[in-house]
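All remarks here apply to the structure that follows.
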Amino acid sequence: APPTPSVARGTTQQFTATGTYSDSTTQDLTSTVSWLSSDNTVASISNSPGSYGLASTLAAGSATITASLGSVSGTSALTVSAATLVSIQVSPGATSIARGTTQQFTATGTYSDTSTQDLTAAVTWASSDTSIATIANATGSEGLATAANLGAVTITATLGSVVGSANLGISSAVLVSIDVTPGNPTIAKGTTQQFVATGTYSDSTTQDISTSVAWTSSDP
């Protein structure tokens, strides 16, 4: 998935692979399958940790994206257009988080053919004051802001000559509780399960703290 995406040249498209098992359960296999593009001159696709299933578009045209695990495979038809970028929207537009936590920003581009595209991994991210908050450009954590000190910054996302921005405030709220989801999942042996940790703070705000907490298993 997605089964038939169309994106602009020079952008990326994240693909996911979902496996269905003999007991009718399903499982996210994005980081387990082997990814392949039928035409690497149109689009290449990553098998690297942190960017599994991320296609990079190089030229206008079409390519078949294949995800394989053992003898089982699935495909998607990717179309790459020659549309040009008009604007970038950074989300969330304005938000406040507690010092010491993180905030994931996303960048959505609007193109000359009115289509939109997730540009989170394609833009260059910057913070107006890195002593207050930094923001990552590293593969796998693009757009992840880390709050270091109290204050406010402007987060920008730039691609070529097009720039989008959002405001981020850092508060002194303290962590009260952590909710881990999903609560009681069941998965097949040899597969993976993504957990999310959501923190509730003293000012009643909530924050995704999945990358900040220390994760442990009761039986490794």
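Relative contact order for the stretch 34-116: what percent, with Cα pairs under 8 Å and sequence separation of 6 or more?
Numbers: 135 pairs, mean separation 18.1, N = 83.
After rounding, I find 22 percent.
Can you list residues whose amide H is under 5 Å from GLN104's amide H, if they're 5+ apart or on another chain and H is modeled 1.01 Å from N?
So GLN104 has HN proximity to ALA145.
Could you go through the stretch 55-71 in sequence order and give the Karplus-derived ³J(HN,Hα) for each residue, using 6.51 cos²θ - 1.76 cosθ + 1.60 with θ = phi - 60°, rounded to whole Hz, and x for Gly and Pro?
8, 10, 8, 10, 8, 5, x, 9, 8, 9, 9, 10, 10, 10, 9, x, 9
Through the Karplus equation 6.51 cos²θ - 1.76 cosθ + 1.60, θ set to phi - 60°, convert the phi angles of the stretch 126-140 into ³J(HN,Hα) values in whole Hz; use x for Gly and Pro.
8, 10, 6, 8, 6, 6, 9, 8, 10, 9, 8, 10, 5, 4, x
Pop out the carbon and sulfur fraction of the accessible area of the stretch 1-127 as a percent, whole number, probe 1.4 Å.
After summing per-atom areas, the C and S share lands at 51 percent.
Each residue of the stretch 177-194 in order: what ³J(HN,Hα) in whole Hz does its phi give by Karplus 6.51 cos²θ - 1.76 cosθ + 1.60, θ = phi - 60°, with x for Gly and Pro?
Once θ is set to phi - 60°, the couplings for the stretch 177-194 become 8, 10, 10, 9, 10, x, x, 9, x, 10, 9, 7, 4, x, 9, 10, 9, 7 Hz.
Alpha carbons only, please: Rg and Dmax for the stretch 1-81, in angstrom.
Values for the stretch 1-81 (Cα only, Rg and Dmax): 12.5, 41 Å.
Counting only heavy atoms of protein chains, what accessible area per residue, in Å², does the stretch 1-132 have with a probe of 1.4 Å?
Numbers: 6440 Å² over 132 residues.
Solvent-accessible surface per residue comes out at 49 Å².
The values are calculated or read from the model by the stated rules, or taken from the named source; none is laboratory data. Because the structure is predicted, anything quoted here is derived from the model rather than measured. In case anyone asks, the SASA skips ligands and DNA or RNA and just uses the protein heavy atoms, side chains included. Shrake-Rupley method; radii C 1.70, N 1.55, O 1.52, S 1.80 Å.
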